[in-house]
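Read-outs throughout are calculated quantities, based only on the coordinates presented, and are distinct from any laboratory measurement. Model, not experiment: these values are computed from the prediction. Note: ideal-geometry Cβ built from the backbone for every residue, glycine included; neighbour counts use all protein chains shown.
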Amino acid sequence: MALRKIVVEGDEVLRKRSREVSQVDDRIRMILDDMLETMRDYDGVGIAAPQVGILKRIFIVEAEEGDVLEAVNPEILSMEGLVAGEEGCLSVPGYFGTVERPEKVRLRAQDRNGEFFEIEAEGLKAVAICHEYDHLEGVLFTDKASGIREAGEE
Ligand code: NI
């Protein structure tokens with residue numbers, strides 16, 4: 001595994017739509033390993049491939065320590081409810097804002113072996129799934145947030 005450099009806002013790669021993964025192979029598994037290590041190194045709860053400069057439809061969410069969700073070619077099948085919460089992003093360091101997200105989502109994706117699975121998530125995990133999914137569409141939380149402020153401001 002290797003740490004990857006986090007791409008920060010201003011880099012065009014964060015604004016592009018990521019491409020489907022045609023085959024989940026050793027290269028994809030290596031990217032997943034590196035993404036997990038990088039996300040944990042930055043104390044993040046989620047990371048998407050474009051954040052490490054790779055325009056592929058892959059993200060990882062670890063809303064609770066040890067509960068690692070690896071999603072390749074994810075699709076959000078349904079969303080339920082709406083809740084406003086505080087968000088930040090490894091690619092927008094030092095900034096926070098309030099974003100409205102669904103309370104619950106149903107996700108379909110492929111795992112690191114290419115097998116399809118579906119899960120339901122709620123709370124922070126659902127929020128993180130939506131946030132990371134947005135990265136695959138070139139969307140940042142700052143596009144949707146209200147009250148964006150720098151860390152440390154009252
Ligand atoms: Ni982010």
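Here are the numbers for the structure shown:
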quantity	calculated
GNM result for the chain, Cα springs below 10 Å: residue of PRO93, PRO74, PRO50 fluctuating most strongly	PRO93
Share of Cα-Cα pairs in the range 68-111 lying beyond 11 Å, as whole percent	72 percent
Volume per residue that the Cα convex hull of the range 107-154 spans, once the total is divided by residue count, Å³	114 Å³
Loop-resident sites, the range 1-89, for trypsin sites (Lys or Arg not before Pro), counting at most 14 other Cβ within 10 Å (DSSP)	LYS5, LYS16, ARG17
Distance from the range 53-97 to the range 130-154 (C-alpha centre basis), Å	11 Å
Integer Hz, Karplus 6.51/-1.76/1.60 couplings in order for the range 72-86, x for Gly and Pro	10, 6, x, 9, 8, 7, 7, 9, 9, x, 8, 9, 9, x, 7
Candidates ALA126, ALA84, ALA63: whichever shows maximal mean-square fluctuation once the chain is modelled as a Gaussian network with Cα springs under 10 Å	ALA84
Dimensions in Å of the range 12-150 - Rg and Dmax from alpha carbons	14.0, 42
All lysines inside 20 Å of LYS56 as judged from Cα atoms, apart from same-chain residues fewer than 8 positions distant	LYS5, LYS16
In the range 1-101, the GluC sites (Glu not before Pro) that fall in loop regions by DSSP, at most 16 other Cβ within 10 Å	GLU9, GLU20, GLU64, GLU65
Gaussian network model of the chain, Cα within-10 Å springs - most flexible of SER78, SER18, SER91	SER78
Charge tally in the Cβ shell below 13 Å around GLU80, where Lys, Arg are +1 and Asp, Glu are -1, GLU80 excluded	0
